[in-house]
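*Asks:* Pasting a structure here, questions to come.
The values are calculated or read from the model by the stated rules, or taken from the named source; none is laboratory data. Values in this document were obtained by computation on a predicted structure and should not be read as measured data. Every residue, glycine among them, receives a Cβ derived from its backbone with ideal geometry; neighbour counts consider all protein chains shown.
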Amino acid sequence: MTRLTETDIIDVVDYLKKLDDELKTACNASFKNIVMRASGIDETSFKSLKTSVVPITSGLGIIGGFSHAVCEILKYIGADAYVCDSTDVDGIYNSIKEGHCFFSADDNRFTAYNPLNGRISDNGDATGRGFAAALELAANGIKDKTVLVAGAGPVGISAAKYLHKAGAEIILFDIDKEKLQNSEYRTCTSLGDEKYSYVIEATTSSKVITEKNLTDTAVVSAPGMPLGLEKKLAQRLKSEGRLIHNPLELGTAVMYTDLLLKQEF
Ligand code: 2YJ
């Protein structure tokens, strides 16, 4: 799993407005609509809950701007979010005691919890669904369409599950054979010259997807960090509204809407 850096998350407020416009062009849907779709909720179930972002100092420690960025993303979609004054277990304790949702990330996991209904959300799973919902909307429905899912980690698998449920045929690619064992999808360990129109890029490597693997109208939805496309190709796809990529925004927002679902137990 890639650790985010300060440069991945600068200027989040300006970036969110730009991202929303980009998504409207690429997916014909707003940021909030994509996020609610990924969690399976509609506007009537949306609530603004008190939500704290608790900084975590363990492991490699605080990433400057991370908690602030998470907080701004949550506020952007309508949560009543704030950055907690205390950190780590103390912050988590105080949030739960107040009956507030909390968001926290260490070096391996980014999670959210709603003490009012017991709902938890994991960033990897939420991110996969967020980028899958964006691809589904960009494709104007994904039923009976073939989707290349590159990367069989938690994000890729979550995206594959969502898209399979929506009726897509999944080709799951990973260079690690072991990750493909017992997969319920068609799998490959090399992309060869096969061309795809719909791609989820959920690897942690750069330059995984090249021009020769994409049709002329291909849409790439890419939660992968770093982005697994050459810079020139990425710039062209982005300018044509055919690349969906952001480091933190979709996944974090989907975690929030996951918390609004009815009780989990
Ligand atoms: O609170 C802080 O500032 C830090 N403890 C944040 C750490 C952020 N964690 C990461 O970047 C991990 N790689 C997990 C991110 C999951 C994204 N899918």
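*Asks:* With respect to A69, determine if the residue is crowded, with 17+ Cβ neighbours inside 10 Å, outside the structural domain of I142 (by TED's automatic domain parsing) and under 16 Å from the mean Cα position of the chain (by Cα).
*Replies:* Criteria met by A69.
*Asks:* Have a look at A150, A168, A134, A160 and point out the one that is over 23 Å from P226 (Cβ atoms), of a type outside the set (S, T, Y) and in contact with a helix residue (DSSP H, G or I) (Cβ under 9 Å, 6 or more places away or on another chain).
*Replies:* Just one listed residue meets the conditions, A168.
*Asks:* If you don't mind, there's one more thing I want to ask. Take the residues of segment 51-64 that are surrounded by fewer than 15 Cβ atoms within 10 Å (Cβ to Cβ) and over 23 Å from K17 (Cβ atoms): which is nearest to the ligand (Cβ to nearest atom)?
*Replies:* I62
*Asks:* What is the residue count in segment 70-84 for residues that are over 12 Å from S104 (Cα atoms), in contact with a helix residue (DSSP H, G or I) (Cβ under 8 Å, 6 or more places away or on another chain) and either aliphatic (A, V, I, L, M) or not in a helix (DSSP H, G or I) (or both)?
*Replies:* Of the residues in segment 70-84, 7 are over 12 Å from S104 (Cα atoms), in contact with a helix residue (DSSP H, G or I) (Cβ under 8 Å, 6 or more places away or on another chain) and either aliphatic (A, V, I, L, M) or not in a helix (DSSP H, G or I) (or both).
*Asks:* Next up: Does at least one position in segment 122-129 carry a residue that is more than 11 Å from the ligand (Cβ to nearest atom), touching a Ser or Thr at 6+ places or on another chain (Cβ under 9 Å), under 11 Å from A38 (Cβ atoms) and not polar (S, T, N, Q)?
*Replies:* Yes, some residue in segment 122-129 is more than 11 Å from the ligand (Cβ to nearest atom), touching a Ser or Thr at 6+ places or on another chain (Cβ under 9 Å), under 11 Å from A38 (Cβ atoms) and not polar (S, T, N, Q).
*Asks:* Please go through segment 212-265 and give me each residue that is in a loop (DSSP other than H, G, I, E, B) and basic (K, R), ordered by number.
*Replies:* Selection gives R242, K262.
*Asks:* State all residues of segment 118-142 that are in a loop (DSSP other than H, G, I, E, B) and either surrounded by 16 or more Cβ atoms within 10 Å (Cβ to Cβ) or not polar (S, T, N, Q) (or both); if no residue qualifies, say none.
*Replies:* Listed by number, the residues that qualify are G118, A139, G141, I142.
*Asks:* With respect to S45, is the statement that it is of a type in the set (G, A, S) and free of Cβ contacts under 8 Å to residues at least 24 places away in the same chain true?
*Replies:* no
*Asks:* Now for a separate question. If you go through segment 135-151 one residue at a time, do you hit one that is in the same structural domain as L229 (by TED's automatic domain parsing), among the polar types (S, T, N, Q) and touching a strand residue (DSSP E or B) at 6+ places or on another chain (Cβ under 6 Å)?
*Replies:* yes
*Asks:* A follow-up question, please. With the checklist (1) of a type in the set (K, R); (2) near the ligand (Cβ under 9 Å from one of its atoms); (3) surrounded by 15 or more Cβ atoms within 10 Å (Cβ to Cβ) in hand, flag the one item R109 doesn't pass.
*Replies:* With (1) of a type in the set (K, R); (2) near the ligand (Cβ under 9 Å from one of its atoms); (3) surrounded by 15 or more Cβ atoms within 10 Å (Cβ to Cβ) applied to R109, the lone miss is (3).
*Asks:* Same structure again: Under 8 Å between Cβ atoms, at least 6 apart or on separate chains: pull out the pairs that start in segment 90-104 with a residue that is at positive phi and end on any residue that is more than 16 Å from the ligand (Cβ to nearest atom).
*Replies:* Here the result reads G99/K50; G99/P115; G99/L116, each pair linking segment 90-104 to a residue that is more than 16 Å from the ligand (Cβ to nearest atom).
*Asks:* In segment 78-94, which residue that is more than 14 Å from the ligand (Cβ to nearest atom) and crowded, with 22+ Cβ neighbours inside 10 Å is nearest to R3 (Cα to Cα)?
*Replies:* Per the criteria, the residue is A81.
*Asks:* Given (1) without any contact (Cβ under 8 Å) to a residue 40 or more places away in the chain; (2) part of a strand (DSSP E or B), identify the lone condition not met by T51.
*Replies:* Answer for T51: the failing condition is (1).
*Asks:* Collect the residues in segment 226-265 that are of a type in the set (D, E) and within 16 Å of the ligand (Cβ to nearest atom), keeping them in residue-number order.
*Replies:* E249, D258
*Asks:* Working only within segment 65-77, note down all residues that are without any contact (Cβ under 8 Å) to a residue 60 or more places away in the chain and either more than 8 Å from the ligand (Cβ to nearest atom) or of a type in the set (V, I, T) (or both).
*Replies:* Within segment 65-77, G65, H68, C71, K75 meet the criteria.
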